[in-house]
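The numbers here are math on the coordinates, done by the rules we state, and not lab data. Since the structure is predicted, the reported quantities are computational estimates derived from the model, not experimental observations. Heads up, the Cβs are rebuilt from the backbone with ideal geometry, glycines too, and the neighbour counts pull from every protein chain shown.
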């Protein structure tokens, strides 16, 4: 049986990564690095390709919970945990990027983080980034969850959490499981309602991002705040 060790060194995923960087690896090869070993008749790259074929893409694959992922042929508990840990490392890396003082001067960094946090949910989630008066991150919370049709957002709870963080400003975010990141009339109405409520405690709404299939939509960039 042929294994990855039988391949030319220039074709082995780990060796390619060391010599040329992770960006040159295909999705299946990246999965293989975390899968580590294959099974009878399949290399780790074969397993990666099979997983991608079955689920369509990395996003669909890694949206599965730990139990479902562990049940995939060729994975099991240890390998599925490695994959989910890698996903969480990516989220935390993006969170660290937001801790830089100049991060919020670049909306793309904030948008990338929010997409990583909210993009995988099959139902709506409304979240807040709490900021100090210099727009440094004080915390992130998922405040409300709903069905695919929408989430109920309660201004009183948003005000309460802002006071708990001693926030001077906030960035709202929620996802559209449909993948369409266009603001609805309900999105605009709740943003206006929250903005009015927070003005009473002198908390400024910096932005509201909608996370969909592509780049998140910014209310501030659209002139909707």
> If you take the beta carbon distance between residue 5 and residue 85 as r and set R0 to 22 Å, what does 1/(1 + (r/R0)^6) give as a FRET efficiency, to the nearest 0.05?
Replying inline: 0.30
> Considering only the chain, what is the antiparallel percent among its DSSP beta bridges, to the nearest 5?
Replying inline: 70 percent
>> Connecting C-alpha atoms closer than 10 Å in a GNM of the chain, tell me which of 40, 117, 160 has the biggest fluctuation.
In response: 40
> If you rank 37, 67 by fewest surrounding Cβ atoms within 10 Å, what's the result?
Replying inline: 67, 37
>> Rounded, prolate or oblate for the stretch 101-222? Axes are the square roots of the Cα gyration tensor eigenvalues, ordered a ≥ b ≥ c, and the cut-off for rounded is a/c under 1.5.
In response: oblate
> Of all DSSP beta bridges located in the stretch 101-222, what percent are antiparallel, nearest 5?
Replying inline: 70 percent
> Once the Cα atoms of helix 185-199 and of the chain are each reduced to a long axis, what angle between those two axes, in degrees from 0 to 90 to the nearest 10, is obtained?
Replying inline: 60 degrees
>> Between 0 and 90 degrees, rounded to the nearest ten: what's the tilt of helix 44-55 against the longest Cα principal axis of the chain?
In response: 50 degrees
> Against the longest alpha carbon principal axis of the chain, how many degrees, from 0 to 90 and to the nearest 10, is the axis of helix 155-165 turned?
Replying inline: 80 degrees
>> I need 188, 115 ordered by Cβ neighbour count within 10 Å, fewest first.
In response: 188, 115
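Using a 10 Å cut-off around each Cβ, can you sort 30, 131 from fewest to most neighbouring Cβ atoms?
Ascending Cβ contact count within 10 Å gives the list 30, 131.
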> If contacts are Cα pairs under 8 angstrom and at least 6 residues apart, what is the relative contact order of the chain in percent?
Replying inline: 13 percent
>> Given an 8 Å cut-off on Cα distances and at least 6 residues of separation, report the relative contact order of the stretch 101-222 as a percent.
In response: 27 percent
